[in-house]
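A.B. asks: Following this message is one structure expressed as C-alpha cells.
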Amino acid sequence: MLSEKITQLESRSLIVRSTKFMLAMLIVLMVLPSTDVAAQWLKGKDKKLVGPFVDGDPFDVIYLNEDGDKAVMKVLPLGDKYDGSIPTQGQLIFDFFADGEDTLEVPWSSVKEIRTFKDLLIQEANDWRAEGDYPKAFRNLLWVYDHGGKSDPALVASLKELMFEDGRENFQTGEFELALSIYEDIYQKTPNWQPPGFGNLTLSTIVMGCYNGMIKKQFDEEDYIGVRRTLASVVDKYGKKANKLNSEWTQKFVQRSDELVADSRRFSAAGKGREAHLAAKKADQMSPGRPEVLALQKEVLLKFPLVVVGVTQESADASPGRIENWGSRRGGRLTQRTLVELDGLTDEGGKWSFLNGVIYRSDEIGLKYTFEIKDEVTKFGVPQTNAFQVSMRLLSLADPKSPIYNEGWDKIVESVRIIDEKRVTVTLRSPYIRPEALLNIAYSDPGPDGEPEQNGAYVLTGKGDGFSTYELNPRYPRRPNRQHPVVVEQVIDGASVAVDQLIAGNIDVVDRVPTADLERLKNADNVQVRPYVLPTIHMLVPKIRGEMESDPYFRQGLSFAINRQLLVKDVICGGKLIDGCEVISGPFPIGTQDSDQISYGYDMKVRPLPFNSQLGMVLIQLSLRPKPPKQPEAIPAPKLVLAHPDSSVATNAAQAIARMWSDVGIETETKKLKPGQSIPTDDEWDFVYLEVTVEEPLADASKLIGLSGFANKVSAPIEQTLQKLSYSESWRDTCSKLRTLHRQVAVDLSVLPLWQVKEHYAFRGTVKEIGRDLIHMYQHIDRWKIDLTAEQEEQPKK
C-alpha cells in the first residue's frame, strides 16, 4: 500500500510539471504572439529578438529542438545553472521572464541552444557596429565589461576599436569635440596605441587633428578669444607635441589680425565708427599687444569715441517714468530729463533733486515748498527753465485734462505762486511727507507727433537692425576734458549671450546681468560687476476673462500652484541663493543687506504664500464646482493666456509658471509682448507678468494698484487705504498705511506677488567713470569715457 501511494504521488508530481510545461508552451505559441512582446517569444532561432536589450532587465533565451516543438523561451538569467555546455541528461530548471512565480523544468535533451544576455548584447553590438551605429554598440559592450568582462582581452580590444571608430565618424562629420573626448580618453590610458586604418599616424597626431578642427570652427565663427584660449590649453597640456599646431595657428592669427586692421581702416574712412571699432577690437583679440593694432584702436577712438552697450530689451517707447518697463526706462533716462529725479536713497525714502536748483520747505508745518532755480547747481544735459515754466508744469500736473495729470498731486496741492523769475512757491492743503516724489514729470508735453522732447544729454540719431545709436544732444556744448562718446545699444537675444559678448570684448557694457551669470562675470578678466540701488519686483496682474474673473478660490489656487522658491533658485539665480533675490508676499521691495531704505512699505509679518500644488488643485476644483441655482453645472476648466514683456527673465519665468499651472489642470499659454509694451493692447489675456522698479513706494503705490494703476480691479478696502495714503503726514503714518496695503493685497490677491531680484550691471575696464550705486544705467553718462590703456590693467572685482 505504501509503495502504491508513493507511485501515485510521483505520477501526480510528473503530471503537474508536465502540465505546467505544456501550458507554458501554449502561452509561448498561442497567447504571447498577440502581445507587444511577441517578438521576444518567437518560434525558430533564425529570427532576431527585438532590442535594444541593454535598456531592459537581463534575460536568457532557451532554444528547444524538435522534442520541444522548436520553441524559443525567454527566461530569467540561468546563472550557475548553465556553464556554457549542454548536458545530455537531467533537467534544466528555469523561471519564465514574464512570470517567475513558478519554477519549471525541461529535459536537457530537449535543449538545442542557450544564449545568455551577454551573448545577445555582443551579437546586437556587432550588428550595430556593422551598421555604423557606434554609440549603441559601445553601450552594449560596456555593460558586458562592467558585468564580468574586464578580464576578457578580446572584449577590451573591441571596446577600444569601437571607441576609435566612433571618434573617426565624429571627426569626419565635423563633430570635433565629440571625437576629441574619445581620442583623448584612449590617449590617456594607452598613449602608444596604434589605431587601425590610419597608416603610420600616431594617436597624438590624431588628437592634434581634432584640436585643429575645433580651432578652425571657432576661428570661422570669429570667436577669437575662444580660439586663443583653446590653443593655449593644448600647448600647456601636450607641450612639444603641439608645436606644429601652435606655429601654424599663430601665423594664421597674425594674418587675420592684419586683415581686420585693414577692415577697420576702411570702415573708419567710410565714417562707420561702430564697424571700425569692432574690427579693431577683433584685430587685438586675434593677436594681442601688437603695437600697430593698439595704435589703430587709439586712432579710431579719437575719431569715433564709442561705447557699445549690450541690452536684451530695446528702449522702445522710451520714458524715464515707466517703472514697469526696463528698456523704456533706461532709454528714457538717456534722452529725456524730468523736473525732479531720484538720485539715491536716504534713511527716509528717496533722495529727490530739482535738476535746475533746489527744493526746500519754506514753513514750519510742511505746507509750503519753494522751488529755487540756481544756474550754478544745474547739471550738464539739463534743459533750461524759468519760474513761469515751472509753475505751469506744476499746475498742469493738477489739471484732470492734462496728459500728465496726477491724482495724488491734485489732492494735496492748494496753490502755485510765482515769487520772482527764480522762485516758485507751492502751498499744500495738508502736510505731505514727500511731495517732490510726485514731480518726476517731463519739462514739456509731447509734440504734435506724440513723441516726447529729447532734452536729455543724448538724442537718438540712428536705428537699425538690432542697433540704436545715441549721440550728444546738439543743444548742449561739449565740455572740456570730456569724451561724450557715442552710445550704441546692441540688442542681444539672451542675457547670457550678452555676458559672453562682454567677456569676449565685443561689447563694453551689459545693462542688466542675469543673476545666474554673476559668478562667471566676477571671475572674468578685466570686467567689473556692480549692483543697482533699486531691485525689481516681479508680480502677476490678473484680468481673468469669463466666469472665473471674480472667484477668489481660482486666484488662490493658481497662486498656491506656483513654486516660487524653486523658480527664484533655479530660474532666476541659476541654482544658488543670492542676497536680494527672494520670494515676497507684497507689491513693495523687501530691500537687501546693503540697501534696506527702500523696504519701508514692506510688512515683514506677512509670510510669502507657500507652494502647495495639491491645495491649489483643490481650490481650483472648488471654483469650478456647480453653484446652484445660478450655475447648476460645473464650469469647464478655462484656458489662460499669460502675457509677459520681452525680457529673458520674464520670458523664462512666465513659461515656468505656465507649466506649473498646466500641472494642476489649467492649460496656460504664454504671450510675448512687443518691445515697449507692458500691458497687452487687446483683451486676449488673463494675467500679465510685470517686473517693476519701485522708486518710492509712497508715490508708486497708486501706479501699481488702484483705479489708475496696473491692477485696477481692487477691493473697496484697498481703495480706502490708497485714499488715506494720499494724506500721509509722517513717516510712521506712511509706513503703517503701506503695510496695511501690503496685507490687503496678500489677502485679496489684487496682484500675485512673486519675488524680488537684485539687479546688476557689468562693464569692461576700458569704460571709466560709469558710476556706482546707480538708479539708472545712464545716470552719469556725461562722465563716461573710454580708456584703452586700462584694458591691460587688473581691476578689483565688485
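The values are calculated or read from the model by the stated rules, or taken from the named source; none is laboratory data. Because the structure is predicted, anything quoted here is derived from the model rather than measured. Quick reminder, even Gly has a Cβ in these numbers, built from the backbone with ideal geometry, and neighbours come from all protein chains shown. Heads up: the accessible areas ignore ligands, DNA and RNA and are worked out on the full protein's heavy atoms, side chains in. Shrake-Rupley method; radii C 1.70, N 1.55, O 1.52, S 1.80 Å.
A.B. asks: Kindly state, to the nearest 0.05, the FRET efficiency for residue 375 paired with residue 481, given R0 = 22 Å and r defined as their beta-carbon distance.
C.D. replies: Here the calculated transfer efficiency is 0.55.
A.B. asks: Here's a follow-up. Any idea what angle helix 243-269 forms with the longest principal axis of the chain, computed on alpha-carbon atoms, 0 to 90 degrees, nearest 10?
C.D. replies: Result, in degrees: 30.
A.B. asks: Another question about this same structure. Just the Cα atoms of the chain, one point each, no solvent: what log10 I(q)/I(0) does Debye give at q = 0.05, 0.08, 0.09, 0.10 Å⁻¹?
C.D. replies: -0.45, -0.89, -1.00, -1.11
A.B. asks: Also: Do you know the relative contact order of the chain, to the nearest whole percent, from alpha carbon pairs under 8 angstrom that are 6+ apart?
C.D. replies: Rounded, it is 12 percent for the chain.
A.B. asks: Highest first, please rank the peptides 580-592, 547-559 by the mean number of other Cβ atoms sitting within 10 Å of their residues.
C.D. replies: 580-592, 547-559
A.B. asks: Run through the range 663-768 and list the GluC sites (Glu not before Pro) located in a DSSP loop whose Cβ has at most 11 other Cβ atoms within 10 Å.
C.D. replies: Sparse-neighbourhood loop GluC sites (Glu not before Pro): 667, 684.
A.B. asks: A follow-up question, please. At a Förster radius of 35 Å, what calculated FRET efficiency corresponds to the Cβ-Cβ distance of residue 679 and residue 265, to the nearest 0.05?
C.D. replies: Efficiency computed from Cβ-Cβ geometry: 0.10.
A.B. asks: From the backbone phi of the range 463-472, what are the Karplus-calculated ³J(HN,Hα) couplings (6.51 cos²θ - 1.76 cosθ + 1.60, θ = phi - 60°) in whole Hz, Gly and Pro given as x?
C.D. replies: Listing the rounded values in order: 9, x, 6, x, 10, 10, 10, 10, 10, 4 Hz.
A.B. asks: Now for a different question. To make sure I understand the rule: partners must be aspartates and glutamates, Cα under 16 Å from the Cα of residue 112, and not fewer than 8 residues away in the same chain. Which ones qualify?
C.D. replies: Cα-Cα hits under 16 Å: 46, 60, 66, 67, 69, 83.
A.B. asks: Rounded to the nearest 500 deg cm²/dmol, what is the calculated helix-only ellipticity per residue at 222 nm for the chain, with -39500 (n - 2.57) per DSSP H run of length n ≥ 4?
C.D. replies: -11500 deg cm²/dmol
A.B. asks: So how much slack lies between residue 618 and residue 667, counting 0.36 nm per residue of separation and subtracting their Cα-Cα distance, in nm?
C.D. replies: Between residue 618 and residue 667, full extension yields an extra 16.0 nm.
A.B. asks: Grab the alpha carbons of the range 542-680, take their convex hull, and tell me the volume per residue in Å³.
C.D. replies: 136 Å³
A.B. asks: Past 25 Å, Cα to Cα: identify those pairs from 189/576; 351/411; 639/703; 569/672; 216/272, in the order given.
C.D. replies: Among 189/576; 351/411; 639/703; 569/672; 216/272, the Cα-Cα distance tops 25 Å for 189/576; 639/703; 216/272.
A.B. asks: Another one. Sticking with the crude label model, points 7 Å out along Cα→Cβ, report the distance from residue 605 to residue 414 in nm, one decimal please.
C.D. replies: Computed distance between label sites residue 605 and residue 414 equals 3.5 nm.
A.B. asks: How big is the range 415-482 on each of its three principal axes, counting only the C-alpha atoms and giving the largest first in Å?
C.D. replies: Taking the Cα atoms of the range 415-482, the three principal extents are 52, 32, 26 Å.
A.B. asks: Related question: Once the Cα atoms of helix 117-131 and of the chain are each reduced to a long axis, what angle between those two axes, in degrees from 0 to 90 to the nearest 10, is obtained?
C.D. replies: With both axes taken from Cα atoms, the answer is about 60 degrees.
A.B. asks: Another question, then. Between residue 98 and residue 549, what FRET efficiency follows from the Cβ-Cβ distance if R0 is 60 Å, with the result rounded to 0.05?
C.D. replies: Numbers: r = 55 Å, r/R0 = 0.91.
The value I calculate is 0.65.
A.B. asks: Next up: Measuring from label point to label point, each 7 Å out along Cα→Cβ, what is the residue 461 to residue 634 span in nm?
C.D. replies: 6.6 nm
A.B. asks: By how many nm would the segment from residue 247 to residue 384 grow when fully extended, if each residue of separation counts as 0.36 nm and the alpha-carbon distance is taken off?
C.D. replies: Details: separation 137, 0.36 × 137 = 49.32 nm, distance 6.21 nm.
Gain on stretching residue 247 to residue 384: 43.1 nm.
A.B. asks: Which order do 143, 249, 128 take by accessible area at a 1.4 Å probe, largest first?
C.D. replies: These residues rank, largest area first, as 143, 128, 249.
A.B. asks: What length, rounded to one decimal in nm, is gained on full extension from residue 254 through to residue 713, with 0.36 nm per residue of separation minus their alpha-carbon distance?
C.D. replies: Details: separation 459, 0.36 × 459 = 165.24 nm, distance 6.50 nm.
Full extension of this stretch gives 158.7 nm more.
A.B. asks: If we sort 519-525, 110-116 on the protection proxy, mean other Cβ atoms within 10 Å, highest first, what's the order?
C.D. replies: Order by mean packing, descending: 110-116, 519-525.
A.B. asks: 7 Å from Cα along Cα→Cβ at both residue 66 and residue 399: what's the point-to-point distance in nm?
C.D. replies: In this crude label model, residue 66 to residue 399 measures out at 11.2 nm.
A.B. asks: Continuing with this model, one more query. Could you order the peptides 323-330, 393-400, 626-633 from most to least packed, using the average number of other C-beta atoms within 10 Å per residue?
C.D. replies: Working: 323-330: 25.0, 393-400: 16.5, 626-633: 9.1.
Ranking, from highest mean packing down: 323-330, 393-400, 626-633.
A.B. asks: Using every pair of alpha-carbon atoms in the range 499-605, split the distances into 10 Å bins beginning at 0 and state the percent of pairs per bin, rounded to integers.
C.D. replies: Percent of pairs per bin, in order: 12, 32, 31, 18, 7, 1.
A.B. asks: Return the aspartates and glutamates within reach of residue 543: Cα separation strictly under 13 angstrom, same-chain partners fewer than 8 residues apart disregarded; answer none if there are no such residues.
C.D. replies: 551, 682, 683, 684, 686
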